[in-house]
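Asks: Could you have a look at this structure, given as structure tokens, before my questions?
The values are calculated or read from the model by the stated rules, or taken from the named source; none is laboratory data. In this text, all values refer to a predicted model and were calculated from it rather than measured experimentally. Backbone-built Cβ (ideal geometry, glycine too); neighbour counts: all protein chains shown. Areas reflect the complete protein model, heavy atoms only, side chains present, ligands, DNA and RNA absent. Shrake-Rupley method; radii C 1.70, N 1.55, O 1.52, S 1.80 Å.
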Amino acid sequence: MTGVKRERPFDQPWQAQVFAMTVDLQERGVLSPAEWADALGARVAASERGDGADYYACWVAALADVLTAKGLLTRGDVEATTAAWHAAAARTPHGQPILLD
């Protein structure tokens with residue numbers, strides 16, 4: 001099909017990664033599709049953007065919500081990992097993978 005533009009499902013690699021993590025957690029029975037839908041739906045509904053631009057930010061927040069509610073993470077874990085990721089991103093040259101220590 002020439003001339004047909006195919007939309008990419010993910011704009012950034014991290015979006016594909018968080019999607020894959022969520023699917024894996026569902027496949028392993030850590031969270032059910034219903035509880036995932038509820039958590040993601042709540043985050044999307046509460047989004048101030050309303051245009052879908054922050055869909056994967058909502059996705060990450062919903063995943064953190066579910067995992068903290070289940071006692072698998074603490075909010076401190078989420079905050080520490082977020083801070084470590086931002087620090088790693090700041091010191092990583094453009095185009096290189098971001099690696100956490």
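Asks: With θ set to phi - 60°, apply the Karplus curve 6.51 cos²θ - 1.76 cosθ + 1.60 along segment 41-54 and write out the HN-Hα couplings as whole Hz, x wherever there is a Gly or Pro.
Replies: Computed from phi, the couplings for segment 41-54 are x, 5, 5, 5, 5, 7, 4, 7, 6, x, 10, x, 5, 9 Hz.
Asks: Using the Cα gyration tensor of segment 58-101, with a ≥ b ≥ c the square roots of its eigenvalues, what is the shape: rounded (a/c below 1.5), prolate (a/b larger than b/c) or oblate (neither)? Intermediate results must be reported in sequence, preceding the final value.
Replies: Numbers: a/c = 3.40, a/b = 2.24, b/c = 1.52.
Note, shape of segment 58-101 comes out prolate.
Asks: Per residue of segment 32-37, what does 6.51 cos²θ - 1.76 cosθ + 1.60 with θ = phi - 60° give for ³J(HN,Hα)? Whole Hz please, x for Gly and Pro, Karplus curve as stated.
Replies: 8, x, 5, 5, 5, 4
Asks: To continue, here is another question. Determine the calculated [θ] at 222 nm for the chain from helices alone, applying -39500 (n - 2.57) to every DSSP H run no shorter than 4 residues and normalising by the residue count; nearest 500 deg cm²/dmol. Spell out each step's value before the answer.
Replies: Numbers: 4 runs with 61 residues, N = 101.
Here the helix-only value at 222 nm equals -20000 deg cm²/dmol.
Asks: Does the chain come out rounded, prolate or oblate, given a ≥ b ≥ c as the square roots of the eigenvalues of its C-alpha gyration tensor, rounded meaning a/c under 1.5 and, failing that, prolate meaning a/b above b/c?
Replies: Oblate.
Asks: Could you run the Karplus curve 6.51 cos²θ - 1.76 cosθ + 1.60 with θ = phi - 60° over segment 16-21 and give me ³J(HN,Hα) per residue in whole Hz, x for Gly and Pro?
Replies: Going residue by residue, I get 5, 5, 5, 4, 5, 4 Hz, with x marking Gly and Pro.
Asks: Next question. Charges at C-beta only: +1 for Lys and Arg, -1 for Asp and Glu. How large is the resulting dipole of segment 36-93 about its Cα centre, in Debye rounded to 20?
Replies: 160 debye
Asks: Something else: Please give the charge dipole size of the chain, origin at the Cα centre, charges +1 on K and R Cβ atoms and -1 on D and E Cβ atoms. Round to the nearest 20 debye. If you can, show how the numbers build up before the last one.
Replies: Values: 9 positive and 13 negative charges, 53 e Å.
The calculation lands at about 260 debye.
Asks: Percent of accessible area on the chain owned by carbon and sulfur, 1.4 Å probe?
Replies: Details: 4250 of 7430 Å².
Of the solvent-accessible surface of the chain, carbon and sulfur hold 57 percent.
Asks: Determine, from the Cβ-Cβ distance of Ala69 and Gln12 and an R0 of 25 Å, the FRET efficiency 1/(1 + (r/R0)^6), rounded to the nearest 0.05.
Replies: Values: r = 26 Å, r/R0 = 1.05.
In this case the efficiency is close to 0.45.
Asks: I'd like to check one number: the per residue accessible area of segment 1-97, probe 1.4 Å, reported in Å² as a whole number.
Replies: That works out to 72 Å² per residue.
Asks: Report the relative contact order of segment 1-84, percent, no decimals, based on alpha-carbon pairs under 8 angstrom and at least 6 residues apart.
Replies: Relative contact order, segment 1-84: 23 percent.
Asks: Run the numbers for Ala88 and Asp38: contour at 0.36 nm per residue of separation, minus the present Cα-Cα distance, in nm.
Replies: The Ala88-Asp38 span can extend by a further 14.8 nm.
Asks: Could I have the simple spin-label model distance between Arg28 and Gln96, label points 7 Å from Cα toward Cβ, reported in nm to one decimal?
Replies: Label-label distance for Arg28 and Gln96, simple model: 3.0 nm.
Asks: Could you check the spin-label model distance between Ala46 and Glu79? Points 7 Å from the Cα along Cα→Cβ, value in nm.
Replies: Spacing of the two 7 Å Cα→Cβ label points: 1.6 nm.
Asks: First check a/c for segment 5-58, with a ≥ b ≥ c the square roots of the eigenvalues of its C-alpha gyration tensor; if it is under 1.5, answer rounded, and if not, answer prolate when a/b is larger than b/c or oblate otherwise.
Replies: Oblate.
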